Each structure stands twice: as structure tokens, then as C-alpha cells.
1. Which ones in the stretch 199-213 are under 17 Å from I298 (Cα atoms) and away from ligand 1 (no atom under 16 Å from the Cβ)?
2. Name the single residue, out of those in the stretch 2-58 being touching a residue at least 60 places away in the same chain (Cβ under 8 Å) and assigned to a loop (DSSP other than H, G, I, E, B), that is farthest from ligand 1 (Cβ to nearest atom).
3. Exactly one of these conditions fails for I141: (1) away from ligand 1 (no atom under 13 Å from the Cβ); (2) in contact (Cβ under 8 Å) with a residue 60 or more places away in the chain; (3) in a helix (DSSP H, G or I). Give me its number.
4. Identify, by number, the condition in (1) within 12 Å of ligand 1 (Cβ to nearest atom); (2) buried (at least 21 other Cβ atoms within 10 Å of the Cβ); (3) of a type in the set (D, E, K, R) that R186 doesn't meet.
5. Please work out if T202 is among the polar types (S, T, N, Q), out of contact with any strand residue (DSSP E or B) (no Cβ under 9 Å at 6 or more places or on another chain) and over 26 Å from A114 (Cβ atoms).
6. Which residue pairs have Cβ atoms under 6 Å apart, sit 6 or more places apart or on different chains, and have a first residue in the stretch 160-176 that is over 16 Å from H17 (Cα atoms) and in contact (Cβ under 8 Å) with a residue 12 or more places away in the chain and a second that is outside any strand (DSSP E or B) and within 16 Å of ligand 2 (Cβ to nearest atom)?
7. Give the stretch 75-110 a look and list any residue that's in contact with a strand residue (DSSP E or B) (Cβ under 9 Å, 6 or more places away or on another chain), under 17 Å from R150 (Cβ atoms) and more than 16 Å from ligand 2 (Cβ to nearest atom), or say none.
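Read the figures in this text as sums done on the coordinates, not as results from a lab. Owing to the predicted nature of the structure, the values given are computational and were not obtained by experimental measurement. As a convention, Cβ positions derive from the backbone with ideal geometry for all residues, glycine included, and neighbour counts pool all protein chains shown.
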Amino acid sequence: MKLRHLVTGGAGFVGSHLIDKLMNAGGEVLCLDNYFTGRKENIQKWIGNPRFELIRHDVTEPIRLEVDRIWHLACPASPVHYQYNPIKTAKTSFLGTYNMLGLARRVGCRLLLASTSEVYGDPEIHPQPESYRGSVNTIGIRSCYDEGKRIAETLCFDYNRMHGTEIRVARIFNTYGPRMLENDGRVVSNFIVQALKEMPITIYGDGSQTRSFCYVSDLVSGLMLLMESNEKGPINLGNPNEITIKELSSIIKTHTNKEVRYEYRDLPNDDPLQRQPVITKAKELLDWNPVVGIDEGIKLTITDFEERMKIS
Ligand code: NAD
Ligand code: UDP
């Protein structure tokens, strides 16, 4: 039997790559999106395919559908976008997850939540295992997202305990790749666009803060393994190769082959100083390991930006 997949946030960056994999595997896919940061271009190639349907809908409103799997990704992920309307972000996280869990409960299907490393906040423990409970500022500019995802995780586990709803919770660390928005505001897309346009690269703070960047195809295979596993999670999915933001800028400089200048700006409030996932659980329980290195992934991402920027 073909599984019917609902992908919320399916027109976004990660969602559209996930949809490609599900469609290529022969599944039926319902892509649900309100197009806040998603784009029809990302899923255009599937429009007209009888196994694919598009639904314009906002997850803060309930919806009735018949599906077998819910991949709940709908939520802006870039600080610029989630801080644009923080109250809406909190509503999307809480009401969106509540509505999707309600749907999962009603039709008896499994739901995977795209949670985040942001539940660890600015971590005092390094690297971060799933057992770490986090250090999140409840009243800062990142809280709408961080606390939103924390309550979304709580809702998942309470639906599981109270109603037996099947849940899978992935804690996703910084992921990058083709289809990130040019104006997304995240570091990889900012630096690539700036380098290609020969504009100054904007380093926030002194660039010594670290992140661990995962290529999108690796993340999507982790999500798919988690969904079909017997593990509820939470499970960290990310590439443990940790680098400083300054190092990232050098990698992008090398692969764009551009002369770049640097412009230093203030570090945003509550910007985490370091971040690296412990992925022992994903390795042991899902047999998952990221395979795309940063140089290869950045080259693929630059090629995609070059092609899109030529057309736009
Ligand atoms: P994205 O912004 O590209 O995608 C989010 C999608 O959700 C967009 O298509 C957007 O239009 C849609 N959306 C937002 N609010 C909605 C609403 N109220 N109703 C319906 N649709 C809505 O971001 P992404 O990087 O693809 O992230 C996808 C998911 O993964 C998010 O839940 C994010 O929190 C999570 N995540 C991503 C990363 C990352 O580095 N990319 C890291 C951690 C967690
Ligand atoms: N950053 C930067 N310049 C930019 C955009 C981001 O130096 O133009 C920094 C940002 O301060 C943070 C890191 O890069 O320390 C990652 O930022 P991003 O917004 O991509 O993700 P997050 O902070 O949510 O991990």
C-alpha cells in the first residue's frame, strides 16, 4: 500500500527536499504550506503528478485530512524570519503542533516533529547530547522560536502519553544546501550571496562563535530513518564537524573564488556561542551518519545559488 504523506512546510527548504525523496520513493504526498518562507518553485516539478497535491493552509488553523504520516516542518527557521512576527512564530509552534497532533490522533497516524538544537539555547554543555535540558532565555528575541519548539516537543510527548499518538522528534542542527532563500538571513546563504555579489561578508561578533553544518540530503535521510524506526526520540540530527563562523567565511571565499572584504557587526542578543551535536543515538539507533563534507556541500550550494541568481 502506498503511504500518504502530509508534509507541513513542504514548500520550504528542508520540506521540498524531503518531498523529492518521498515522491521518488513512490509515495503520495500532500504538501501543506502558507508560503511565508516557502516557494512554489521548490515543488514545481511535482505539480500535475497524480501522486502530489498542494494545499495552501496555515497550520495555526485545524484541518481534516486522511493521511498515514505527518512530517511537521511548518515554522520559519531563520532568525530574521522567525523574529519578523514573533507572536505568530509562537502561535505556529504551539497551535500548529497542537493541530497536527490532533489530526494524527484522529486518523491514528504517526507524526514527526522537526524540532531544533535551539532547545539547548546557549549551551553550557559541549557538545550537546539529547539528555541536556538546555539554557534558554525565556524572554529574549530568540525565545519565540526556542520556547516554541520546546512546548512543541512537550505537546508531542503528552499526546503520546495521554492518547498513545505515535511521535518521532528530531532535533535538527544547522542545515544548509540548495534552495535556501537568497534573503533568508541565515549565515550560509548570507555569505554565499554576499561573496557572489562581491559585497562585504557580514560577520556578527568576532566570528569565533561555532556551528556544525549539516548538508540537507544527510538531514533528510536521517528524518526518513527516524520516521520508520521504533524510536520516539528526541534524536539529534546534525553533522558534528564544528567550525567557527570565520572559518565558514573562508571556505565560502575559497569556493566562490572571489575577493571578499569583511564587515563586522554586533553579535545579536542570545546568539549561542557554540553548538555541536552528539549523534551517538542517531548512529546507534538509526544507523545514520552524515556523509557530505562541508567543502562538497558548500560547492553544491554555491552552484545552486549561481544558477538561481543568473535567472533572477
Ligand atoms: P523554511 O523557512 O525554508 O521552511 C518552513 C516552511 O514552513 C516554509 O515553507 C513556510 O512557508 C512554512 N510555514 C511557516 N509558517 C507556517 C504556517 N503557520 N502554516 C503553514 N506553513 C508555514 O525552513 P527550513 O529550514 O526548511 O525548516 C523546516 C523545519 O525544520 C522548521 O520547522 C525548522 O524549525 C526546522 N529546523 C530547521 C533547521 C535548519 O537549519 N534548516 C534547523 C533546525 C530546525
Ligand atoms: N551570522 C553572521 N553573519 C550573518 C548571519 C549570521 O556572522 O550574516 C552568525 C550568527 O550570528 C550566528 C551564526 O552565524 O552566530 C549562525 O547564524 P544563523 O542565523 O545561520 O543560525 P543560528 O544562529 O540560528 O544557528
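1. I201, the sole residue that qualifies.
2. Among those that are touching a residue at least 60 places away in the same chain (Cβ under 8 Å) and assigned to a loop (DSSP other than H, G, I, E, B), it is L3.
3. I141 satisfies all of (1) away from ligand 1 (no atom under 13 Å from the Cβ); (2) in contact (Cβ under 8 Å) with a residue 60 or more places away in the chain; (3) in a helix (DSSP H, G or I) except (3).
4. (2)
5. Numbers: among the polar types (S, T, N, Q): yes; out of contact with any strand residue (DSSP E or B) (no Cβ under 9 Å at 6 or more places or on another chain): no; over 26 Å from A114 (Cβ atoms): yes.
The answer is no for T202.
6. Listed by first residue and then by second, the contacts come to R171/S117; F173/S117; F173/G238.
7. Result: G96, T97, M100, L101.
This table checks each residue for (1) more than 16 Å from ligand 2 (Cβ to nearest atom); (2) of a type in the set (K, R); (3) out of contact with any Ser or Thr (no Cβ under 7 Å at 6 or more places or on another chain).
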{"residue": "R133", "(1), (2), (3)": "yes, yes, yes"}
{"residue": "R142", "(1), (2), (3)": "no, yes, yes"}
{"residue": "A152", "(1), (2), (3)": "yes, no, no"}
{"residue": "T165", "(1), (2), (3)": "yes, no, yes"}
{"residue": "G177", "(1), (2), (3)": "no, no, no"}
{"residue": "D184", "(1), (2), (3)": "no, no, no"}
